[in-house]
Amino acid sequence: MSLPTQVSRRQALHSVGSHALGLVIAERLWSAQAHAADEPELPALNRFPRMMQEYYVDRVREISEQRIERLAALKTKADAEAYVQSVQERIRTCFGPEPERTPLNARVTGVVERDTYRIENVIFESRPGFLVTGNLYVPKGDDGPRPGVVGTCGHSHNGKMAADYQSFAQGLARRGYVVLIYDPIGQGERFQYPDEHLKSHVGAGVREHLLAGNQQYLVGEFLGAWRAWDGIRALDYLLTREEVDPQHVGVTGNSGGGTMTTWLCGVEQRWSMAAPACFVTEFRRNLENELPADTEQCPPKALALGLEHEDFLAAMAPKPVIILAKEKDYFDVRGSEAAFERLKRLYGLLGAEENIGLFVGPTYHGYTQENREAMYGWFHQATSTDNPADEPELTIEEDKTLWCTPQGQVGAEGSKTVMDFTREIADEMQQKRAEIDAAKLAEVMTDALKVKDIATAPRVRILRAKSDRKAPRKYIVPYLVETDPGIQAVVYRLYNERHYSRPTPGSKHALLYVAHDSSDAELREEPMLREAIAADEDMPVYTLDVRGIGESRPDTTNPNSYLSPYGSDFFYAAHGIMLADSYPAQRTRDVLTVLNWMESLGHTEVHLMAKGWGTIPASFAAVMHEGVSRITFKHALTSYHELAQAEQYDWPLSSLVPDALQNFDLPDCYRALETKGLKQIDPRGPLA
């Protein structure tokens, strides 16, 4: 929000009332606004744009090195078998328990006859009322049960109907495999946000995944687990078919489908072979290379549990797996090679070194012919099939030919959506969750956010004062308060005269403002803050940029992408979830550490003020810190429950606490803070 370009003196006076103090404040506000309107806009201060990147890289490298040491310590077959069991258990912890296996209610809605195979258009329910559309490719002939393959799709708007995915399914069918390829959530015939024309009104693929998936974290769900469950139920259906040999069933897919193939190797033990394409590298490489990944590609706690991409393949050991990579892919082939070498050693200890493979195609990202042929050859070897590995001639079908629904969308057939389930789970949690009293809430918050051992005497750096930022007081001294190794919360202290050193101690009262987006900008532009500062000239005033905003707003991933669906704010929030250390928890540590520092300066009664995104960590910190005596929030989120119920919302993942609704909701915090004089100004719902 920016200051008005024109403001009348009468308007300024009217905005704060007619009493004497109001007149003084209004005069100052009018003068400041009128002056600002004539001046060019100041460029944002952002002196630490790589702080979050380097912080996460350091953390993930340490985890990676520990994992590699653990692998290097494996010496015997028993060691390797224990490791395989360990990764299976950790993956299950990561993905959570399987849902109930409910009836598939499968039906064939159409059959397409071709020369050497037929395509059956199939619908089944992976969960009650949750429709999955797939194409079953069945070779013709009476040669008995054949090997089966589940095909998973990458990020194509038309899902299973995309040319590359038709190609591998048809190629396998022409080489004697029964193939079931199904639409991912948010793609093909499974849009979760269809408009009146049955098109996605938010954008197919990534945008649908992020909108539905980010929201799921609030109720402890993970979109990757949901998508993997679709794949498991696809396997369930495939195994009901008499044409399929249950001893020889594999899984393959590319890009996002390579992700699902990888995850499915980790969560399902019935596969006899697998070929993930254009995905397997290392979490560390993706982070170092600033490569954002979709919601379902960021499993909760995966990094905290010491898991890597290759561990999901190790969970299948010693069964045959080939990693399909590309030399020119954005998924770093160096990580693919490193994963293969480590798996080769593990498989060697298990006496099956020949069962792990790597093929690197020479071209760019995609399930192109050379990678498909490497997959055919690998599956032939795994099934002892005497067929050529070269790709037969293919005929790409029109999308409509492969539709399983009359109008090309399950929504028109009454399918439930991911959001329907999220709403139901949120309602169930709300009914089960007892109202928490203020004394208990601090305990619950500390446990839920894993906030403990907050520094009482943090390291603090002092930067040079700024006097040209048009703040309510002339001089700003930035203090960098270390809240984690490598993380400095940027705190501004306002002064009316030059100041070069630590804050002057003495006053027990002080104001701490937690910024929404930028302390620097909001000191110029936020009326609530300017009014509070003008109301008491002697009040020590501090503002706080928690990590990842304002002075440490990341300038990473794609250019100018901070709040885009795949942008840097999402990037670090997603990594926080994989580290079991959510962004709100990290930012709460920032606020608590700064409050402790202020307390060491004698500020034992702090008026905590916050706006927008800043109200999330401020709420949590205010519940836990006794030094907060008064609270003012503007544009605070009304509740996580409301957000979990909403089809549209614009609060970023960095404001959402995973599994929050299992334990508490924001209104619990607000009730507890009433004793500290909480004042709410214009609270905001899901659409901020």
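The values are calculated or read from the model by the stated rules, or taken from the named source; none is laboratory data. Everything numeric in this text was worked out from a predicted model, so none of it was measured. With ideal geometry, Cβ positions are generated from the backbone for all residues, glycine too; neighbour counts draw on all protein chains shown.
Per-structure values
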{"item": "Sole residue being of a type in the set (D, E, K, R), surrounded by fewer than 19 Cβ atoms within 10 Å (Cβ to Cβ) and touching a helix residue (DSSP H, G or I) at 6+ places or on another chain (Cβ under 8 Å), chosen from Asp386, Asp453", "result": "Asp386"}
{"item": "Any hit, the stretch 594-613, residues being touching a Pro at 6+ places or on another chain (Cβ under 9 Å), small (Gly, Ala, Ser) and either without any contact (Cβ under 8 Å) to a residue 40 or more places away in the chain or under 17 Å from Ala426 (Cα atoms) (or both)", "result": "no"}
{"item": "Among (1) over 20 Å from the mean Cα position of the chain (by Cα); (2) within 28 Å of Lys432 (Cα to Cα); (3) of a type in the set (Gly, Ala, Ser), the one test that Ala660 misses", "result": "(1)"}
{"item": "From the options Gly213, Gly171, Gly224, residue that is farther than 30 Å from Asp659 by Cβ, part of a helix (DSSP H, G or I) and out of contact with any strand residue (DSSP E or B) (no Cβ under 6 Å at 6 or more places or on another chain)", "result": "Gly171"}
{"item": "Single unsatisfied condition, Ala426 versus (1) surrounded by fewer than 18 Cβ atoms within 10 Å (Cβ to Cβ); (2) closer than 30 Å to His625 by Cα", "result": "(1)"}
{"item": "Of residues in the stretch 604-635 being among the charged types (D, E, K, R) and either under 23 Å from Ala212 (Cα atoms) or crowded, with 21+ Cβ neighbours inside 10 Å (or both), the one nearest to the chain's Cα centre (by Cα)", "result": "Lys611"}
{"item": "Which numbered condition Glu391 misses (of (1) among the acidic types (Asp, Glu); (2) in a helix (DSSP H, G or I); (3) under 26 Å from Gly159 (Cα atoms))", "result": "(2)"}
{"item": "Wholly enclosed helices (runs of 4 or more DSSP H) of the stretch 575-688 bearing at least 1 residues under 22 Å from Thr295 (Cβ atoms) and β-branched (Val, Ile, Thr)", "result": "615-624"}
{"item": "Which listed residue, of Leu45, Leu74, is farther than 30 Å from Lys470 by Cβ, assigned to a loop (DSSP other than H, G, I, E, B) and modelled with pLDDT of 90 or more", "result": "Leu74"}
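Okay, residues lined up against (1) among the charged types (D, E, K, R); (2) buried (at least 18 other Cβ atoms within 10 Å of the Cβ); (3) at pLDDT below 95:
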{"position": "Leu637", "(1), (2), (3)": "no, yes, no"}
{"position": "Tyr640", "(1), (2), (3)": "no, yes, no"}
{"position": "Ala644", "(1), (2), (3)": "no, yes, no"}
{"position": "Leu656", "(1), (2), (3)": "no, yes, no"}
{"position": "Leu673", "(1), (2), (3)": "no, yes, no"}
{"position": "Gly677", "(1), (2), (3)": "no, no, no"}
{"position": "Ile681", "(1), (2), (3)": "no, no, no"}
{"position": "Arg684", "(1), (2), (3)": "yes, no, no"}
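Yes/no matrix, rows are residues, columns are (1) in contact (Cβ under 8 Å) with a residue 12 or more places away in the chain; (2) within 22 Å of the chain's Cα centre (by Cα); (3) closer than 21 Å to Lys400 by Cα:
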| residue | (1), (2), (3) |
| --- | --- |
| His155 | yes, yes, yes |
| Ser167 | yes, no, yes |
| Gln170 | yes, no, yes |
| Gly186 | yes, yes, yes |
| Trp229 | yes, yes, no |
